[in-house]
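Undergrad: I have a structure here, written as structure tokens, and I will follow up with some questions on it.
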Amino acid sequence: MTKTISRLYDNYPEAQRAVTDLEAAGVPHSNISIVSNNSDDWYGNDKVDRDHDGVDDRTEGARTGAGIGAGVGGTAGLLTGLGLLAIPGVGPVVAAGWLVATAVGAVAGAATGGLVGGLTQMGVSKEDADLYAEGVRRGGTLVSAKVEDGMVAQYEAVLDRSAVNIQDRGAAYRKDGWSTFDPAAKPYDAEAVRKERQAYGGLR
């Protein structure tokens, strides 16, 4: 049996390290997913070369047929399969992995919204799914992994190293009047994301 574990990060580099650490700990990249807010266009037109081989990772992904919802073959890892899309209520994101395909499928048939529907379909509680989706909407990055039941504690420890305390963050959101993720809400723009990171970036 497998279980889905997820964590929210305030910025992409922290989430990137979490993905790399999960892969190093033995989680196949096909079992990992990442969804990162791109309202500030950090993943723009500049070359992306995270494996430092001099070739744009997005070009490599396209050559291998990888993309949204698909892992990259060989040892390249999940992060070379990054691609751009928009999620209702969240806005533009950079993403890769199984959750994206699930979320896109949920958009077609789920009133709960793509990201929330994708998470709940994989066993995440509605309350936590709302918080994760709202966290991404406000500029964060979500990492999710499907892991064996007996390895949950080990892999959660890997994810926890720089993750947001989602319950504390949810309490902060509610204090400001938030109640639940709204897929019809207007996505945050770059300035709103910047302010959000300043307001909550120090909270774990």
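The values are calculated or read from the model by the stated rules, or taken from the named source; none is laboratory data. No experiment lies behind these values; they were computed from the predicted model shown. With ideal geometry, Cβ positions are generated from the backbone for all residues, glycine too; neighbour counts draw on all protein chains shown.
Undergrad: Looking only at segment 171-183, decide whether some residue is under 22 Å from Gln16 (Cα atoms), of a type in the set (S, T, N, Q), surrounded by fewer than 18 Cβ atoms within 10 Å (Cβ to Cβ) and free of Cβ contacts under 8 Å to residues at least 12 places away in the same chain.
TA: No; the residues of segment 171-183 include none that is under 22 Å from Gln16 (Cα atoms), of a type in the set (S, T, N, Q), surrounded by fewer than 18 Cβ atoms within 10 Å (Cβ to Cβ) and free of Cβ contacts under 8 Å to residues at least 12 places away in the same chain.
Undergrad: Please indicate, with yes or no, whether at least one residue in segment 45-62 is modelled with pLDDT under 50, under 23 Å from Glu14 (Cβ atoms), buried (at least 19 other Cβ atoms within 10 Å of the Cβ) and of a type in the set (Lys, Arg).
TA: Yes: segment 45-62 contains one or more residues that are modelled with pLDDT under 50, under 23 Å from Glu14 (Cβ atoms), buried (at least 19 other Cβ atoms within 10 Å of the Cβ) and of a type in the set (Lys, Arg).
Undergrad: Under 8 Å between Cβ atoms, which residue pairs at least 6 apart in sequence (or on different chains) link something in segment 64-91 that is over 29 Å from Ala192 (Cα atoms) and assigned to a loop (DSSP other than H, G, I, E, B) with a partner that is at pLDDT 50 or above and among the polar types (S, T, N, Q)?
TA: Taking only residues 6 or more apart or on different chains, the pairs are Ala66/Thr80; Gly71/Ser30; Val72/Thr80; Gly77/Thr20.
Undergrad: Here is a further query. Scanning segment 104-116 for residues that are closer than 21 Å to Arg174 by Cα and assigned to a helix (DSSP H, G or I), which turns out modelled with the highest pLDDT?
TA: So the residue we want is Val116.
Undergrad: Also, quick follow-up: Where residues in segment 90-103 are at pLDDT below 85 and crowded, with 18+ Cβ neighbours inside 10 Å, which of them is farthest from Gly140 (Cα to Cα)?
TA: Filtering first and then ranking leaves Thr102.
Undergrad: Search segment 131-149 for residues being within 11 Å of the chain's Cα centre (by Cα) and not in a helix (DSSP H, G or I), and hand back the single one that is surrounded by the most Cβ atoms within 10 Å (Cβ to Cβ).
TA: Filtering segment 131-149 for residues that are within 11 Å of the chain's Cα centre (by Cα) and not in a helix (DSSP H, G or I), the one surrounded by the most Cβ atoms within 10 Å (Cβ to Cβ) comes out as Ala145.
Undergrad: Still on this structure: Counting just the residues of segment 150-204 that are part of a loop (DSSP other than H, G, I, E, B) and aliphatic (A, V, I, L, M), which one comes out farthest from Gly117 (Cα to Cα)?
TA: Leu203
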